[in-house]
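Some notes on the structure that comes next.
The values are calculated or read from the model by the stated rules, or taken from the named source; none is laboratory data. All values reported here derive from a predicted model rather than from experimental measurement. Here the Cβ is made from the backbone with ideal geometry for all residues, glycine too, and neighbour counts use every protein chain on show. Heavy atoms of the whole protein, side chains included, go into the accessibility calculation; ligands, DNA and RNA do not. Shrake-Rupley method; radii C 1.70, N 1.55, O 1.52, S 1.80 Å.
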Amino acid sequence: MSVRALGYAGFSVKDVAAWRGFAEGVLGVAVEEAEDGGLRLRVDDRAWRIAVEPTGADDLAYLGFEVEGPAALKELAARLVSAGYTVEADDDLAAKRGVIALSRCIGPAGIPVEFYWGGTQAGERPFVSPQGVRGFVTDGQGFGHVVLATPDIAQARRFFEDLLGFRLSDVIDFAPVPGISLRLVFLHCNPRHHTVALAPMPAPKRLHHFMLQAADFDDVGRAMDRARKAGTPFANGLGKHTNDEMVSFYLVTPSGFEVEFGFGGREIDDATWVPGRHTATSTWGHERLVGAPGAGE
Ligand SMILES: [Fe+2]
């Protein structure tokens, strides 16, 4: 048994007000106030998908992976323990996250990783985008994907593939700057082409970017219009990725890591999928518009 989806993520941020304006005004996700002085972002009928916490690191604080139930949670915890990870069940944290049961450990690159089942459904408060976004693709696919800086790529692959049950989607070998070759590893745990991608490099932040997938292509264009109007820095212009075929653009969030806003990501059927290799991140576009090289996908 493996994890089913990326259910939620927590960001530790310095400027909650900037995040509020960015999330509501540019991304068009729904924003609710949290008791901790932060925000809870919604993109569907789950109670929340991203916690924006006023703890100041401007980086990923934790990832929450959903499993199918108590047996799966127990089995996963046992697998992690037998591989040397310290796993703790945490009822207080489960209550805080609004899930029925939760265990946590410290994953690759020191990233706190939580596993849970029974996330809060909030259909009585349907998701309504403040910008009229007609919906995000989450059904059976989690809320999106994350690209993580994991310098010890072998350890990270053991964690996600051998222990969490992710499967290899493909790799991209590319040179972000001349003379340096990087292999990005893309992993899936449901039909979404990748839920986690691993970049084998030290980076100032654990999180290179997270991705939200609009259900309607026009919402990508409208988000670009809102970002331009708001003066939000673009990290990459519009483009199409080689491997997941996502048409997307990237913005720099108020915390410095990036967000990919896309449409049309391909879906994987494990019965027929064969992992491949690419040598470019994009078939067209995705022009880099800020200083630091991108991790592509
Ligand atoms: Fe991406």
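So which residues in segment 255-292 are within 20 Å of Phe22 (Cβ to Cβ), in a loop (DSSP other than H, G, I, E, B) and in contact with a Gly (Cβ under 8 Å, 6 or more places away or on another chain), if there are any at all? Of everything in segment 255-292, just one residue is within 20 Å of Phe22 (Cβ to Cβ), in a loop (DSSP other than H, G, I, E, B) and in contact with a Gly (Cβ under 8 Å, 6 or more places away or on another chain), namely Leu289.
Just a yes or no: is a residue in segment 150-164 buried (at least 17 other Cβ atoms within 10 Å of the Cβ), of a type in the set (Phe, Trp, Tyr) and within 22 Å of Arg4 (Cα to Cα)? Yes: one or more hits. Kindly check whether there is at least one residue in segment 32-50 that is open to solvent by 10 Å² or more (accessible area, probe 1.4 Å), of a type in the set (Phe, Trp, Tyr), in contact with a strand residue (DSSP E or B) (Cβ under 9 Å, 6 or more places away or on another chain) and not in a helix (DSSP H, G or I). Among the residues of segment 32-50, at least one is open to solvent by 10 Å² or more (accessible area, probe 1.4 Å), of a type in the set (Phe, Trp, Tyr), in contact with a strand residue (DSSP E or B) (Cβ under 9 Å, 6 or more places away or on another chain) and not in a helix (DSSP H, G or I), which makes the answer yes.
The set of residues from segment 86-110 being open to solvent by 30 Å² or more (accessible area, probe 1.4 Å), closer than 24 Å to Asp162 by Cβ and in a strand (DSSP E or B) comprises Glu88, Ala89, Arg104, Ile106.
Yes or no: Glu24 acidic (Asp, Glu), surrounded by fewer than 19 Cβ atoms within 10 Å (Cβ to Cβ) and farther than 30 Å from Met224 by Cβ? Spell out how you get there, then give the answer.
Numbers: acidic (Asp, Glu): yes; surrounded by fewer than 19 Cβ atoms within 10 Å (Cβ to Cβ): yes; farther than 30 Å from Met224 by Cβ: no.
No; evaluated as a whole, the condition is false for this residue.
Could you say whether any residue in segment 216-232 is modelled with pLDDT under 95, more than 16 Å from the ligand (Cβ to nearest atom) and either in contact with a Lys or Arg (Cβ under 7 Å, 6 or more places away or on another chain) or closer than 30 Å to Ala57 by Cβ (or both)? Checked against the condition, which is being modelled with pLDDT under 95, more than 16 Å from the ligand (Cβ to nearest atom) and either in contact with a Lys or Arg (Cβ under 7 Å, 6 or more places away or on another chain) or closer than 30 Å to Ala57 by Cβ (or both), segment 216-232 yields no hits at all.
Name the one entry in Gly144, Gly110 that is among the small types (Gly, Ala, Ser) and within 26 Å of Asp270 (Cα to Cα). Steps first, please.
Details: Gly110 fails: within 26 Å of Asp270 (Cα to Cα).
Within the list Gly144, Gly110, the selection yields Gly144.
Step by step: first the residues of segment 250-267, then only those that are among the hydrophobic types (A, V, I, L, M, F, W, C) and closer than 19 Å to Ser282 by Cβ, then the one that is farthest from the ligand (Cβ to nearest atom). Which residue is that? Before the answer, list the steps.
Quick first cut of segment 250-267, residues among the hydrophobic types (A, V, I, L, M, F, W, C) only: 251-252, 257, 259, 261, 263.
Now drop any that are not closer than 19 Å to Ser282 by Cβ, which leaves 251-252, 259, 261, 263.
Working: Leu251: 12, Val252: 14, Val259: 9, Phe261: 10, Phe263: 12 Å.
Looking at the filtered set, the residue picked out is Val252.
Checking each residue in segment 51-85 for being farther than 22 Å from Ala197 by Cα and either assigned by TED's automatic domain parsing to the domain that holds Val196 or surrounded by 22 or more Cβ atoms within 10 Å (Cβ to Cβ) (or both) picks out only Leu73. Within segment 214-254, being part of a loop (DSSP other than H, G, I, E, B) and surrounded by fewer than 18 Cβ atoms within 10 Å (Cβ to Cβ) holds for Ala215, Asp216, Gly231, Pro233, Glu245. Only one entry in Val177, Val128 is closer than 30 Å to Glu32 by Cα and aliphatic (A, V, I, L, M), namely Val128. Within segment 183-210, the set of residues being surrounded by fewer than 20 Cβ atoms within 10 Å (Cβ to Cβ) and either outside the structural domain of Ala154 (by TED's automatic domain parsing) or part of a strand (DSSP E or B) (or both) comprises Arg183 only.
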